[in-house]
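Only the coordinates and a few stated rules stand behind these numbers; no lab work does. The structure displayed is predicted, hence computed values, not measured ones. Positions of Cβ are backbone-derived with ideal geometry, glycine not excepted, and every protein chain shown enters the neighbour counts.
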Amino acid sequence: MSRNQRALVRILVTTVLLAVLVAVTHLISLPWYWEAIAYLAVYLLIGFDIVGEAVGGIGRGQVFDENFLMVLATIGAFGTGEYPEAVAVMLLYQIGELFQRYAVGKSRGSISELMNLRPDTARLLADGQELEVLPEEVEVGQIILVKPGERVPLDGVVVRGESALDTAALTGESMPRPCGPGDEILSGVISTSGVLEIRVEKVFYDSTVSKILDMVENASGKKARAEKFITRFAKYYTPIVVCLAVVLAVVPPLFDGQWVLWIQKALNFLVVSCPCALVISVPLSFFGGIGAASKKGILVKGGSYLEQLAKADIFVFDKTGTLTKGSFEVTQVLPESGREEILRTAAIAERGSLHPIAQSVLRAAGDPGEEGWSLTEEAGRGVRAEKAGHVILAGNSRLMEEAGISVPVPDALGTVVYVAWDGAYLGCIVIADALKEDSIAAIEGLKALGAATVMLTGDNEAVAAAVAKQVGVTQYAAGLLPGDKVQKVEELLQKKEKGSVLAFVGDGINDAPVLMRADVGVAMGGIGSDAAIEAADVVLMHDRLSALPVAKEIASKTMKIVRQNIVFALGIKLLVLALTPFGLVSIWLAIFADVGVAMLAILNAMRAGRV
Amino acid sequence: MKKVYRLQDLDCANCAAKMERAIAKIDGVQSVTVSFMAQKLTLECEEARLAEILEKVKACIAKVEPDTKLLGA
């Protein structure tokens with residue numbers, strides 16, 4: 001039997017015995033000492049461990065130990081003739097403890113289940129033989145085998161086989177991703193369909209799984225302000241309530257002589273003197289919130305960052321690689337009707353060039369360009385291709401001007417490549433750093449949550465203005481050198497109002513200093529970059545910005561639950577304390593204020609873990 | 001220097017808070033967090049005095065909750 005099962009049996013037996021005892025003493029009147037002995041026996045059945053701990057606690061000088069206070073309260077109840085009440089207080093206290101252990105265990109379980117990424121073994125392929133070894137033993141360069149349904153144990157590159165990857169555990173993404181030879185593969189993903197042979201690129205301790213586990217396990221290292229407040233409060237709460245109990249038990253009876261009555265009132269104080277409900281429910285809420293976020297592929301490094309994220313009302317974005325894809329792409333071909341011919345012609349001229357612009361044209365054309373043309377580069381203008389008397393020109397407007405070809409100026413942003421065939425203008429190709437698919441939705445989502453959005457970029461004013469308008473950010477700063485970004489963030493930090501929180505969102509490449517400087521640093525696609533994981537407070541495991549509003553909502557929900565718990569638990573306890581001297585509180589109500597409130601607060605806290 | 005230890009059988013949240021306060025007062029301890037949920041103790045202290053400080057940490061833990069054991073990370 002597990003510890004919780006044993007406790008449950010003890011609680012059930014005690015409940016039955018208590019009910020029988022109450023019934024019996026109602027029906028027949030026993031001599032008081034028999035009654036007392038019977039109740040005492042049941043009391044010891046349910047409370048012997050608490051009594052033992054209380055005695056031990058005093059031995060160690062822990063006077064305000066909750067076990068001790070609980071024993072004092074129940075003994076007091078015995079002393080004043082409230083036998084059933086004494087047993088019931090202990091019984092309910094034990095129920096509360098059991099419930100708390102169960103809730104905490106469940107919450108811990110859900111995190112470790114989520115983080116059940118740690119592979120037990122790796123299938124090492126050596127000399128054509130398959131060996132099961134510990135992932136820690138595999139070295140870089142060795143080949144491992146992953147069968148369908150298995151988790152990839154180490155980061156590497158696929159050398160043979162094809163499969164669909166389930167990356168849900170890492171990224172929260174439910175769509176399987178195809179992979180084949182040459183593709184990088186991260187530990188923690190599950191191969192769903194085929195057998196893969198993978199060349200290991202990182203030892204276990206540097207692998208993605210290890211890094212994520214490490215981060216989540218240490219997530220609770222940084223405590224939130226709400227949590228610190230509660231533990232500080234707990235430090236003073238118990239001693240104050242106990243002292244008040246003593247005063248209540250001693251002072252009024254000196255005047256009216258009603259010792260029993262006042263001692264009973266003082267016992268109520270002892271029953272509610274434990275701040276447990278608060279102390280447990282606040283970290284439990286944060287733990288739940290962190291768990292909920294990681295289910296969505298959002299790693300939060302601690303409760304304090306969840307707290308900050310909930311408050312964050314200025315989101316500063318790096319443009320390239322964060323709002324945009326960070327790679328050049330053909331965004332438009334004008335006129336659209338001539339798309340294929342224009343791209344094919346341009347591809348002939350761009351053939352073989354490694355320039356990013358040429359590369360994006362070749363990608364869009366989907367063809368490496370016809371061979372046999374003699375290509376001449378016209379520095380700073382473009383390329384001229386000739387074959388059998390035909391001439392292709394592909395380049396900027398100056399190239400066209402020099403050839404006496406008049407071209408329209410397209411109303412588009414980005415780099416424009418004009419294409420001409422034998423002196424006649426064919427059309428143009430617009431190449432730009434395209435927005436990520438969900439950038440606009442993410443910015444909209446954040447604005448709907450009341451946040452201001454700022455874009456920082458090294459690009460020129462015109463590009464910045466156009467992208468800012470397209471994506472919908474409220475503010476932007478253009479022409480920034482990498483070092484200027486820190487300065488700009490400093491400036492924004494100084495300008496912001498008190499209580500306002502600034503979050504910086506970057507792709508983790510070269511922006512570690514800014515990530516550190518911001519109130520909350522969010523790195524995205526961060527599992528690739530060690531520096532980002534180190535510097536950031538929140539890591540989005542996938543590349544999608546739409547996780548940001550989700551993260552903020554989870555954070556806000558968690559904070560709401562934390563606040564509810566603090567107000568509710570504190571409110572009820574203070575109410576009981578305030579009403580007790582006037583004789584308005586029975587010991588039953590005091591028990592509710594302690595155990596019942598703790599249970600409700602814990603149940604409420606567990607909502608934070610639900611997504 | 002920062003070190004993380006696992007705490008076995010840390011059973012009550014308030015005890016975790018008490019331990020944290022007691023350990024923070026030990027001479028040579030720069031910062032300490034006791035996480036009840038994660039059952040972990042994160043200690044920052046002078047490396048040279050680690051052994052001596054660790055003994056005091058263990059004493060603090062035993063005083064609050066004798067069942068709790070400090071395990072290496």
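Here are some notes:
- DSSP-loop trypsin sites (Lys or Arg not before Pro) across the range B:1-64, with at most 15 other Cβ within 10 angstrom: B:Lys25
- Over the residues of chain A, the helix contribution to mean residue ellipticity at 222 nm works out to -16500 deg cm²/dmol, using -39500 (n - 2.57) for each DSSP H run of at least 4.
- Folded to 0 to 90 degrees: helix A:276-295 orientation relative to chain A principal axis, Cα: 20
- Once the Cα-Cα distance is subtracted from the 0.36 nm per residue extended length, the A:Lys387 to A:Ser406 segment shows a gain of 4.5 nm.
- The slack between A:Val20 and A:Lys147, meaning 0.36 nm per residue of separation minus the straight C-alpha distance, is 39.7 nm.
- Inter-chain shielding of B:11-24 (mean C-beta neighbours from other protein chains, 10 Å cut-off): 6
- Length-normalised contact order of the range A:139-202 in % [C-alpha pairs under 8 Å, at least 6 apart]: 53
- 0 to 90° range, to nearest 10: angle between helix A:259-271 axis and chain A longest Cα axis: 20
- Taking other C-beta atoms within 10 Å as the exposure proxy, A:Lys498, A:Lys147 rank A:Lys498, A:Lys147 from fewest upward.
- Look at A:Asp127, A:Asp206, A:Asp422, A:Asp459 and count the other Cβ atoms within 10 Å of each Cβ; fewest to most, that gives A:Asp127, A:Asp422, A:Asp206, A:Asp459.
- Note on A:59-67: average number of Cβ atoms from other chains within 10 Å of each residue's Cβ is 3.
- Just so you know, the Rg over Rh for the range A:327-433 is 0.92, from Cα atoms, with Rh as the Kirkwood radius.
- Rg(Cα)/(2.2 N^0.38 Å) for the range A:139-202, N = residue count: 0.97
- Here the range A:139-202 is assigned +1 on the Cβ of each Lys and Arg and -1 on the Cβ of each Asp and Glu. Its dipole about the Cα centre then comes out at about 100 debye.
- Pairwise Cα distances in the range B:2-67 exceed 17 Å for 30 percent of all pairs.
- DSSP-defined beta bridges in chain A - what % are antiparallel, rounded to 5: 75
- Once both labels are positioned 7 Å from their Cα atoms along Cα-to-Cβ, the gap between A:Met175 and A:Tyr33 label points is 8.2 nm.
- Computed magnitude of the charge dipole of the protein assembly as shown (debye, nearest 20; Cβ of K, R +1, Cβ of D, E -1): 2720
- Rounded to the nearest 10 degrees, the angle from helix A:439-448 to the longest Cα principal axis of chain A is 40 degrees.
- Averaged over peptide A:279-285, the number of partner chain Cβ atoms lying within 10 Å of each residue's Cβ comes to 4.
- Nitroxide proxy distance, nm - points 7 Å out along Cα→Cβ at B:Leu54 and A:Val159: 4.1
- Surface/4 estimate of mean projected area, convex hull on alpha-carbon atoms of the range A:78-163, nm²: 9.5
- Net lengthening on full extension, A:Glu132/A:Ala465 (0.36 nm per residue, minus Cα-Cα): 114.2 nm
- Relative to the compact-globule estimate of 2.2 N^0.38 Å, the Cα radius of gyration of chain A comes out at 1.37.
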